[in-house]
Amino acid sequence: SGTASHVYTKPEAATYTVTVTMTDKNASGGNLGTSSGTAMVAVNSGNELTALLSVNPTLAQIGQDVTFNGCASFTADDETITKYVLDPDGSGSLPAIDGGTDCTFTYAYASAGSYTPTLTVSDSTGASAKVSVESVMIQTPPSPGTGGGTGGGTDVGGVNNRSGGGALGWLTLLPFGVAAGLARRRAIRFG
(Lines give C-alpha, C1' and ligand atoms only; values in the text may rest on other atoms or scores of the structure.)
Protein backbone atom coordinates (compact mmCIF):
# COMPACT_ATOMS: atom_id res chain seq x y z
CA SER A 1 0.00 0.00 0.00
CA GLY A 2 1.20 3.49 -0.67
CA THR A 3 0.24 7.06 -1.33
CA ALA A 4 1.37 9.43 -4.02
CA SER A 5 0.74 13.15 -4.35
CA HIS A 6 1.71 15.97 -6.67
CA VAL A 7 1.19 19.73 -6.52
CA TYR A 8 0.48 21.46 -9.84
CA THR A 9 2.15 24.89 -9.79
CA LYS A 10 1.29 26.26 -13.24
CA PRO A 11 -1.45 28.91 -13.01
CA GLU A 12 -2.91 28.28 -16.49
CA ALA A 13 -5.67 25.79 -17.10
CA ALA A 14 -4.51 22.38 -18.28
CA THR A 15 -5.53 18.74 -18.36
CA TYR A 16 -2.94 16.12 -17.42
CA THR A 17 -2.86 12.36 -17.86
CA VAL A 18 -1.68 10.64 -14.70
CA THR A 19 -0.50 7.03 -14.89
CA VAL A 20 -0.01 4.96 -11.76
CA THR A 21 1.82 1.64 -11.93
CA MET A 22 1.92 -0.84 -9.04
CA THR A 23 3.98 -3.98 -8.72
CA ASP A 24 3.00 -6.81 -6.38
CA LYS A 25 5.99 -8.74 -5.01
CA ASN A 26 6.18 -12.01 -3.10
CA ALA A 27 8.07 -12.46 0.20
CA SER A 28 11.36 -13.18 -1.61
CA GLY A 29 11.06 -10.06 -3.78
CA GLY A 30 9.91 -11.74 -6.99
CA ASN A 31 7.29 -10.02 -9.11
CA LEU A 32 3.80 -11.50 -8.84
CA GLY A 33 2.20 -8.97 -11.12
CA THR A 34 2.04 -5.43 -12.32
CA SER A 35 -1.02 -3.27 -12.76
CA SER A 36 -1.40 0.23 -14.11
CA GLY A 37 -4.20 2.65 -14.75
CA THR A 38 -4.65 6.19 -15.98
CA ALA A 39 -6.83 9.11 -14.99
CA MET A 40 -7.24 12.63 -16.29
CA VAL A 41 -6.72 15.54 -13.92
CA ALA A 42 -8.04 19.01 -14.76
CA VAL A 43 -6.17 21.90 -13.15
CA ASN A 44 -7.60 25.44 -13.01
CA SER A 45 -10.13 24.64 -15.73
CA GLY A 46 -12.54 27.12 -14.23
CA ASN A 47 -16.21 27.15 -15.00
CA GLU A 48 -16.35 25.37 -18.38
CA LEU A 49 -17.28 22.00 -19.83
CA THR A 50 -14.33 19.64 -19.33
CA ALA A 51 -14.07 16.02 -20.52
CA LEU A 52 -12.00 13.65 -18.38
CA LEU A 53 -11.37 9.95 -19.08
CA SER A 54 -9.71 7.17 -17.12
CA VAL A 55 -8.89 3.74 -18.58
CA ASN A 56 -8.31 0.47 -16.75
CA PRO A 57 -6.26 -1.49 -17.63
CA THR A 58 -4.05 0.32 -20.16
CA LEU A 59 -2.35 -2.97 -21.09
CA ALA A 60 -4.77 -5.77 -21.96
CA GLN A 61 -5.18 -8.81 -24.18
CA ILE A 62 -7.43 -9.24 -27.20
CA GLY A 63 -10.97 -9.88 -25.94
CA GLN A 64 -10.26 -8.64 -22.40
CA ASP A 65 -12.67 -6.02 -21.03
CA VAL A 66 -11.23 -2.52 -20.78
CA THR A 67 -13.20 -0.05 -18.65
CA PHE A 68 -13.49 3.60 -19.69
CA ASN A 69 -14.75 6.06 -17.08
CA GLY A 70 -15.76 9.62 -17.95
CA CYS A 71 -17.68 10.28 -14.72
CA ALA A 72 -15.17 12.89 -13.50
CA SER A 73 -16.08 15.13 -16.47
CA PHE A 74 -17.82 18.32 -15.40
CA THR A 75 -19.78 21.33 -16.72
CA ALA A 76 -20.19 25.00 -16.02
CA ASP A 77 -22.43 25.99 -13.11
CA ASP A 78 -26.11 25.19 -13.58
CA GLU A 79 -25.45 23.02 -16.67
CA THR A 80 -25.55 19.21 -16.95
CA ILE A 81 -23.78 16.68 -19.13
CA THR A 82 -26.38 15.26 -21.47
CA LYS A 83 -24.29 12.85 -23.55
CA TYR A 84 -21.13 10.73 -23.36
CA VAL A 85 -19.74 9.23 -26.60
CA LEU A 86 -16.67 6.96 -26.63
CA ASP A 87 -14.57 6.38 -29.75
CA PRO A 88 -12.51 3.30 -28.75
CA ASP A 89 -9.60 4.09 -31.10
CA GLY A 90 -9.92 7.85 -31.50
CA SER A 91 -9.88 7.71 -35.29
CA GLY A 92 -13.45 6.70 -36.04
CA SER A 93 -12.42 3.39 -37.62
CA LEU A 94 -14.16 1.48 -34.79
CA PRO A 95 -17.84 2.23 -34.14
CA ALA A 96 -18.39 4.99 -31.56
CA ILE A 97 -20.40 4.03 -28.49
CA ASP A 98 -23.16 6.47 -27.51
CA GLY A 99 -23.64 6.08 -23.78
CA GLY A 100 -26.35 8.70 -23.47
CA THR A 101 -26.07 9.90 -19.87
CA ASP A 102 -24.11 6.77 -18.81
CA CYS A 103 -20.48 7.79 -18.21
CA THR A 104 -18.89 4.31 -17.88
CA PHE A 105 -18.17 1.96 -20.77
CA THR A 106 -16.67 -1.50 -21.13
CA TYR A 107 -15.10 -2.51 -24.43
CA ALA A 108 -13.12 -5.55 -25.59
CA TYR A 109 -10.74 -4.91 -28.51
CA ALA A 110 -10.68 -7.58 -31.23
CA SER A 111 -7.19 -6.79 -32.60
CA ALA A 112 -3.76 -6.26 -31.08
CA GLY A 113 -2.29 -2.79 -31.34
CA SER A 114 -1.98 0.64 -29.75
CA TYR A 115 -5.20 2.64 -29.43
CA THR A 116 -6.00 6.24 -28.43
CA PRO A 117 -9.58 6.19 -27.09
CA THR A 118 -11.47 9.49 -27.18
CA LEU A 119 -14.41 10.65 -25.06
CA THR A 120 -16.71 13.45 -26.21
CA VAL A 121 -19.14 14.96 -23.72
CA SER A 122 -21.99 17.36 -24.53
CA ASP A 123 -23.85 19.61 -22.11
CA SER A 124 -27.33 21.09 -21.84
CA THR A 125 -26.28 24.20 -23.84
CA GLY A 126 -25.16 22.07 -26.81
CA ALA A 127 -21.46 22.69 -26.14
CA SER A 128 -19.06 19.73 -26.37
CA ALA A 129 -15.59 18.87 -25.09
CA LYS A 130 -13.25 16.07 -26.09
CA VAL A 131 -10.34 14.25 -24.44
CA SER A 132 -8.08 11.39 -25.58
CA VAL A 133 -5.98 8.93 -23.60
CA GLU A 134 -2.67 7.98 -25.19
CA SER A 135 -1.68 4.37 -25.73
CA VAL A 136 -4.04 1.66 -24.67
CA MET A 137 -1.96 -1.39 -25.64
CA ILE A 138 -3.75 -4.57 -26.68
CA GLN A 139 -1.68 -7.74 -26.92
CA THR A 140 -2.19 -11.22 -28.33
CA PRO A 141 -2.85 -13.65 -25.44
CA PRO A 142 0.04 -15.99 -24.52
CA SER A 143 -0.03 -19.58 -25.69
CA PRO A 144 -1.75 -21.99 -23.28
CA GLY A 145 0.52 -23.18 -20.49
CA THR A 146 3.05 -20.34 -20.80
CA GLY A 147 1.66 -18.25 -17.93
CA GLY A 148 1.47 -14.50 -18.01
CA GLY A 149 -1.54 -12.65 -19.22
CA THR A 150 -3.42 -9.85 -17.61
CA GLY A 151 -5.20 -10.23 -14.32
CA GLY A 152 -4.99 -13.91 -13.54
CA GLY A 153 -2.46 -16.15 -15.20
CA THR A 154 -1.54 -19.71 -14.55
CA ASP A 155 -0.09 -21.66 -11.65
CA VAL A 156 3.28 -23.07 -12.72
CA GLY A 157 5.33 -25.01 -10.17
CA GLY A 158 3.40 -23.57 -7.24
CA VAL A 159 4.06 -19.95 -8.29
CA ASN A 160 1.20 -17.82 -9.53
CA ASN A 161 2.47 -16.05 -12.65
CA ARG A 162 0.38 -13.02 -13.51
CA SER A 163 0.84 -9.53 -14.88
CA GLY A 164 -1.35 -6.50 -15.52
CA GLY A 165 -5.07 -6.06 -14.91
CA GLY A 166 -6.26 -7.94 -11.87
CA ALA A 167 -7.62 -6.54 -8.65
CA LEU A 168 -4.79 -4.04 -8.24
CA GLY A 169 -5.91 -2.11 -11.32
CA TRP A 170 -9.00 -0.75 -9.59
CA LEU A 171 -6.88 0.85 -6.87
CA THR A 172 -5.51 3.33 -9.39
CA LEU A 173 -8.97 4.77 -10.01
CA LEU A 174 -9.86 5.45 -6.40
CA PRO A 175 -7.28 8.18 -5.61
CA PHE A 176 -8.54 10.23 -8.55
CA GLY A 177 -12.13 10.33 -7.33
CA VAL A 178 -13.69 8.50 -10.26
CA ALA A 179 -14.98 5.51 -8.31
CA ALA A 180 -18.36 7.18 -7.78
CA GLY A 181 -19.56 6.33 -11.27
CA LEU A 182 -18.36 2.73 -11.31
CA ALA A 183 -21.77 1.45 -10.26
CA ARG A 184 -23.16 2.66 -13.59
CA ARG A 185 -21.63 0.31 -16.14
CA ARG A 186 -22.41 -0.20 -19.82
CA ALA A 187 -21.14 -3.51 -21.16
CA ILE A 188 -20.53 -3.55 -24.91
CA ARG A 189 -18.59 -6.14 -26.90
CA PHE A 190 -17.57 -6.02 -30.53
CA GLY A 191 -15.71 -8.48 -32.70
Filter the stretch 20-56 down to the residues that are modelled with pLDDT of 75 or more and under 21 Å from residue 72 (Cα atoms) and list them by number.
21, 48, 49, 50, 51, 52, 53, 54, 55, 56
Counting only residues in the stretch 126-140 that are touching a residue at least 60 places away in the same chain (Cβ under 8 Å) and assigned to a loop (DSSP other than H, G, I, E, B), the one farthest from residue 98 (Cα to Cα) is identified as 140
Unmet criterion (only one of (1) more than 11 Å from the chain's Cα centre (by Cα); (2) not in a strand (DSSP E or B)) for residue 52
(1)
Looking at the stretch 76-101, I want the residues that are in contact (Cβ under 8 Å) with a residue 60 or more places away in the chain and have a partner that is open to solvent by 60 Å² or more (accessible area, probe 1.4 Å) with Cβ atoms under 6 Å, at least 6 apart or on another chain. Which pairs are those?
99/186
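The values are calculated or read from the model by the stated rules, or taken from the named source; none is laboratory data. Quick caveat, the model's predicted, so the values are computed rather than measured. Neighbour counts run over all protein chains shown; Cβ positions are idealised from the backbone, glycine included. Each accessible area value is taken on the protein alone, full model and side chains, heavy atoms only, with ligands, DNA and RNA left out. Shrake-Rupley method; radii C 1.70, N 1.55, O 1.52, S 1.80 Å.
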